[in-house]
Amino acid sequence: MTTIALKAKACMSHLLLGETFDDFAFIEGEITTFNKFTIDGFMHKDFFEEPPEHAHSRWKDIRDFCFSVIRGKRTPLSFKIVLSLAPERFAAFLTEHEVVGLKPEDIQGMYLNLSYDGTALQCITGVSMRIFTMDKTLEREWDAFAEKLLLKLDLMI
């Protein structure tokens, strides 16, 4: 787990206006403006005629709604948006980062927790496993990947 301070304006542009995070799974969000808006990213399969292929919405499907709640003359009082690397990308991540001894189904999520407290925006990385392991290789690789991504996008302070 790593905490990274972010450039608020640049990050919000990537998050709400660009496609940078579109393929990430949207786990949950909470936005406080004139009301508190809480969004659960879990897909309710009973709603659809054809069951969705993913357990969670993709950020691209929620982004415009979140933007509509956040935009305005005043900044939100706070928000929290939790994204995860899409589960179908776990296998490729394990291979590309040479993480051995784990299978994609061992991973619950590889998270970017974006939070704004009214003054500062930060990203806290995290990994959740379905199994117990003392090996922290995946956590270190995910932290390094997230930091490299945010540096490449020039979002870190």
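Quick check on the range 113-147: of everything there that is part of a helix (DSSP H, G or I) and not aliphatic (A, V, I, L, M), which residue is surrounded by the most Cβ atoms within 10 Å (Cβ to Cβ)?
Among residues in the range 113-147 that are part of a helix (DSSP H, G or I) and not aliphatic (A, V, I, L, M), the one surrounded by the most Cβ atoms within 10 Å (Cβ to Cβ) is 142.
Does residue 53 satisfy the condition of being more than 30 Å from residue 134 (Cα to Cα) and part of a strand (DSSP E or B)?
When the stated conditions are applied, residue 53 does not pass them.
Return the residues of the range 56-83 that are outside any loop (DSSP other than H, G, I, E, B), in contact (Cβ under 8 Å) with a residue 24 or more places away in the chain and either touching a Cys at 6+ places or on another chain (Cβ under 6 Å) or among the hydroxyl-bearing types (Ser, Thr, Tyr) (or both); say none if nothing qualifies.
78
Filtering the range 85-112 down to residues that are farther than 19 Å from residue 41 by Cα and aliphatic (A, V, I, L, M), which residue is surrounded by the most Cβ atoms within 10 Å (Cβ to Cβ)?
In this case the residue turns out to be 94.
Could you please tell me which pairs satisfy a Cβ distance under 6 Å, a separation of 6+ or placement on different chains, a first residue in the range 27-48 that is part of a strand (DSSP E or B), and a second residue that is at pLDDT 95 or above and loosely packed, with under 12 Cβ neighbours inside 10 Å?
If the second residue must be at pLDDT 95 or above and loosely packed, with under 12 Cβ neighbours inside 10 Å, the pairs left are 30/38.
Would you mind telling me which numbered condition in (1) among the aliphatic types (A, V, I, L, M); (2) in contact with a Ser or Thr (Cβ under 8 Å, 6 or more places away or on another chain); (3) loosely packed, with under 14 Cβ neighbours inside 10 Å; (4) not in a loop (DSSP other than H, G, I, E, B) residue 1 fails?
The failed condition is (4).
The values are calculated or read from the model by the stated rules, or taken from the named source; none is laboratory data. Just so it is clear, the structure is predicted and the values come from calculations on it, not from any experiment. Reconstructed Cβ throughout: ideal geometry from the backbone, glycine too, with neighbour counts over all protein chains shown.
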